[in-house]
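Please treat every number below as a calculation from the coordinates, not as lab data. All of these numbers come straight from a predicted model, not from anything done at the bench. Don't worry about glycine lacking a Cβ; one is built from the backbone with ideal geometry, like all the others, and counts go over all protein chains shown.
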Amino acid sequence: MDLQWWQKGVVYQIYPRSFQDTNGDGVGDLPGVTRRLDYLASLGVDAVWLSPIFTSPMKDFGYDVADYEDVDPLFGSLADFDELLAGAHARGLKVMLDLVPNHSSDRHRWFLESRASRDNPKRDWYVWRDPAPDGGPPNNWRSFFGGGAWTFDETTGQYYLHQFLPEQPELNWANPEVRAALLGAMRFWLTRGVDGFRVDVIWLLGKHGEFPDEPENPDWREGHMEHGRLLHVHTQDLPETHGYIREMRAVLDEFSRPGFERMMVGEIYLPLEKLVTYYGKGDECHLPFNFLLLTMQDFSAGAVRDLADRYDAACREYDGWPNWVLGNHDQHRFRTKFGVERYRAAQTLLLTLRGTPTVYYGDEIGMENVAIPPGRAQDPSGLRQKDNPEASRDPERTPMQWDAGAFAGFSTVEPWLPLGEHASVNVEAQEADPRSDLNYFRALTLLRRQLPELHGGEYVSLDAGHEDVFAFVRSHAGQRVLVLLNFGAGDLTLDLSGHASRASAHAERAHVLLSSTWREGHEELGGVRLGGYEALLLRLP
């Protein structure tokens, strides 16, 4: 197999505010990530993705960028970043940055110029519109964070667009000067040695040029996110967005060389059939982020098998490489969402399906959502939508749990968000336990790295004969690994004798490569034992 690093490897997302504080301000920083590079290397991951570190007023914790070519002092300096990058590369780790091209901070010099007057040269760098005839907003477009997507500017008498906070004005990607400036920022970091980008809300870059109202969503129900009240047909997934992405991809290709590609992951929340179009013809996203596992409501064996089959087939239609995600900074922890019992089966699923897995910091030790007292809430999405308890992203952004100390080894002072139950769920305790969640994660990544069939082989799902079991085979060059995931509580015995392929004295015996219960030995394919919620990897004869 001739695979790139981003195809074979595992990506590990770090939310820098919550990973490691080194200067005692309760907020994580870049020297903290550098301090933990040996730990990251020990996990068997291949790349580190850093959520935004650019200069920012932090209204949305870095997703409101005031300077695309510098590091915010909260996290350190460019010199600190260079040290992190060099240290990561020395350990064989790639580094990806979080690019936020759809909107900037209202404190960015571009926007300060844009709002200064209607005839300012940068006026058209953002999306400005006259008021409606009644003086109100130009249309009914809504913000992801609740409320309307337009804010009136008294100085110039027009509204500007923001699909998130009013402090995050929307850049006008229809303006070639804007595109050139953002592509220039990409070149700045690529020249510095960055290996790739995760691109924020990439499917939102295009907007309908006539700004019509968006239709009501007939399926929306009270209590759900307010943004879902409309069908966003004029602000999402527009045809011109694909052209913008191709321009970004061309910049990455400028810095690639044979055997080593600079890569791009695009954040895209769309149905499967639309998601895969963002591969383009091999000239758009290397990986359009697949959040379908992360957002599914029915986490059952049958539903997961159906999704895996359909997604794998759709990727092949576009000659695209699959990818899988179970957690990120915008979604609740999967151990909380899918249940403690199914945690290891879900972890195994993520790391054994065909494609590139992305792991969220702390998921390797089984961190869960943390209840945030009202007085400690930070997330603007939750603060602006207090009637919806699901709107806040604080519960999944809490500090990394390194040890059982007062501040979990994260800081020497009270952290910016409350700590979780870290007395036992911490790195130090799990390092000492050979059967811990952390060491199970390491066993999975080691096996994945060692076996070509797991990091690059074919995928075929099987009928295991029980509705609670998702079974699939990963194969390469005649070698096959059978993955069995029990989504139910009951112990099972499965007849899988039909999947032996070699005529030998031991054709009916399969070697146990790894079990979530740490059992070893062999299994007779005519009667494979599978415990409740167990994940089992077998070497097929």
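Summary table
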{"item": "Computed FRET value (nearest 0.05) for ARG310 with GLU467, which takes r as the C-beta separation and R₀ as 25 Å", "result": "0.85"}
{"item": "Two-site label geometry, GLN4 and GLU458: point separation in nm, points 7 Å out along Cα→Cβ", "result": "2.5"}
{"item": "Relative contact order (percent, whole number), the chain, Cα cutoff 8 Å, 6+ residue spacing", "result": "13"}
{"item": "For the chain, calculated [θ]222 nm from helices alone, where every DSSP H run of n ≥ 4 adds -39500 (n - 2.57)", "result": "-7000 deg cm²/dmol"}
{"item": "Assigned charges on the beta-carbon of Lys, Arg, Asp, Glu; the chain dipole about Cα centre (debye)", "result": "1120"}
{"item": "Residues LEU275, LEU37 arranged by fewest to most Cβ contacts within 10 Å", "result": "LEU37, LEU275"}
{"item": "Antiparallel bridge percentage (DSSP; both residues within the chain; nearest 5)", "result": "65"}
{"item": "Between helix 437-450 and the chain: long-axis angle, C-alpha atoms, 0 to 90°, nearest 10", "result": "80"}
{"item": "Rel. contact order, % - alpha carbon contacts under 8 angstrom, at least six apart, the stretch 458-539", "result": "31"}
{"item": "Farthest positive-ward along the chain dipole, Cα basis, beta-carbon charges - from GLY382, LEU294, THR358", "result": "THR358"}
{"item": "Extension gain, ASP38 back to ALA423 (0.36 nm per residue minus Cα-Cα distance, nm)", "result": "136.3 nm"}
{"item": "Sparse-neighbour loop sites [GluC sites (Glu not before Pro); the stretch 335-422; at most 15 other C-beta within 10 Å; DSSP]", "result": "GLU341, GLU390, GLU421"}
{"item": "Candidate lysines for bridging to LYS94, where Cα separation is under 22 Å - those fewer than 8 sequence places away on the same chain excluded", "result": "LYS8"}
{"item": "Between the stretch 89-149 and the stretch 425-485, the Cα center-to-center distance that results, in Å", "result": "43"}
{"item": "Spatially proximal aspartates and glutamates relative to LYS59 (Cα-Cα < 12 Å; intrachain offsets below 8 disregarded)", "result": "ASP106, GLU167, ASP379"}
{"item": "Inter-probe distance in nm under a simple model that places probes 7 Å from Cα toward Cβ, at LEU272 and ARG257", "result": "4.0"}
{"item": "Eligible aspartates and glutamates near LYS281 by straight Cα distance, threshold 12 Å, same-chain separation 8 or greater", "result": "GLU317, ASP319"}
{"item": "Sites matching GluC sites (Glu not before Pro) across the stretch 183-241 that sit in DSSP coil, with at most 12 neighbouring C-beta atoms within 10 Å", "result": "GLU210, GLU222"}
